[in-house]
1. Within region 71-91, which residues are in a helix (DSSP H, G or I) and either buried (at least 21 other Cβ atoms within 10 Å of the Cβ) or in contact with a strand residue (DSSP E or B) (Cβ under 6 Å, 6 or more places away or on another chain) (or both)?
2. Could you tell me whether region 110-119 includes any residue that is modelled with pLDDT under 95, in a helix (DSSP H, G or I), under 22 Å from residue 176 (Cβ atoms) and in contact with a strand residue (DSSP E or B) (Cβ under 8 Å, 6 or more places away or on another chain)?
3. In region 24-59, which residue that is crowded, with 18+ Cβ neighbours inside 10 Å and out of contact with any helix residue (DSSP H, G or I) (no Cβ under 7 Å at 6 or more places or on another chain) is farthest from residue 164 (Cα to Cα)?
4. Filter region 11-35 for residues that are farther than 19 Å from residue 168 by Cα and part of a strand (DSSP E or B); which is farthest from the chain's Cα centre (by Cα)?
5. Mind counting the residues in region 145-164 that are in a loop (DSSP other than H, G, I, E, B) and within 28 Å of residue 80 (Cα to Cα)?
6. Please determine, by comparing only the residues of region 122-144 that are in contact with a helix residue (DSSP H, G or I) (Cβ under 8 Å, 6 or more places away or on another chain) and in a loop (DSSP other than H, G, I, E, B), which one is surrounded by the most Cβ atoms within 10 Å (Cβ to Cβ).
7. Exactly one of (1) buried (at least 16 other Cβ atoms within 10 Å of the Cβ); (2) at pLDDT below 85; (3) in contact with a strand residue (DSSP E or B) (Cβ under 9 Å, 6 or more places away or on another chain) is unmet by residue 216. Its number?
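The values are calculated or read from the model by the stated rules, or taken from the named source; none is laboratory data. As the structure is a computational prediction, the values presented were derived from the model and not from experiment. Please note: Cβ atoms are built from the backbone with ideal geometry, for glycine as well, and neighbour counts cover all protein chains shown.
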């Protein structure tokens, strides 16, 4: 990877605010935003008709698609802020399908072997920003944006994904992680929220060791309404 280039990935559950933060942070840093491409998954209709039969096929398609997207991102000479990383689809969504019994053990082992091999060949981001968000806040944001395809997302499903996100981040070691209490921050309208995260991104990517502040300990309720 070009040493002058910076590559950060914004990770988090559905409704955590990834796209909003990517949009505003990329403008603040003057980096290129890289949003998750829309994939025309040829297995999707079959998957929703029979999840146990088609979950493995669908996830393998998404894996190949995200690997290709990650590779294209690495080739871009500009510094980038990515909306959702290649790791999340495997470590969170595919694992959840396996846990729920929609992917059997044999197929899941094959999927994980493919994932591990692909990931070993890719340069990781310089930094992962993890938007840690309470499920109650995720539900509020999902309802507020009113997307039809998200209307059936349950609290139970979001809770399971959040647990897998926490597990993944706890074990992730390919690059530094900045955990942001997204439930306490308004990226869309409060400039200070974006400024604080941008300052931490610059600190980490430039190798500075001093701690400016602890994001978890900040009293956000007293900093703005």
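1. Residues of region 71-91 that are in a helix (DSSP H, G or I), as a first pass: 71-75, 86-91.
Within region 71-91, 73, 86, 87, 88, 90, 91 meet the criteria.
2. No, region 110-119 contains no residue that is modelled with pLDDT under 95, in a helix (DSSP H, G or I), under 22 Å from residue 176 (Cβ atoms) and in contact with a strand residue (DSSP E or B) (Cβ under 8 Å, 6 or more places away or on another chain).
3. Looking at the filtered set, the residue picked out is 31.
4. 32
5. The total comes to 1.
6. Of everything passing the filter in region 122-144, 133 is surrounded by the most Cβ atoms within 10 Å (Cβ to Cβ).
7. (1)
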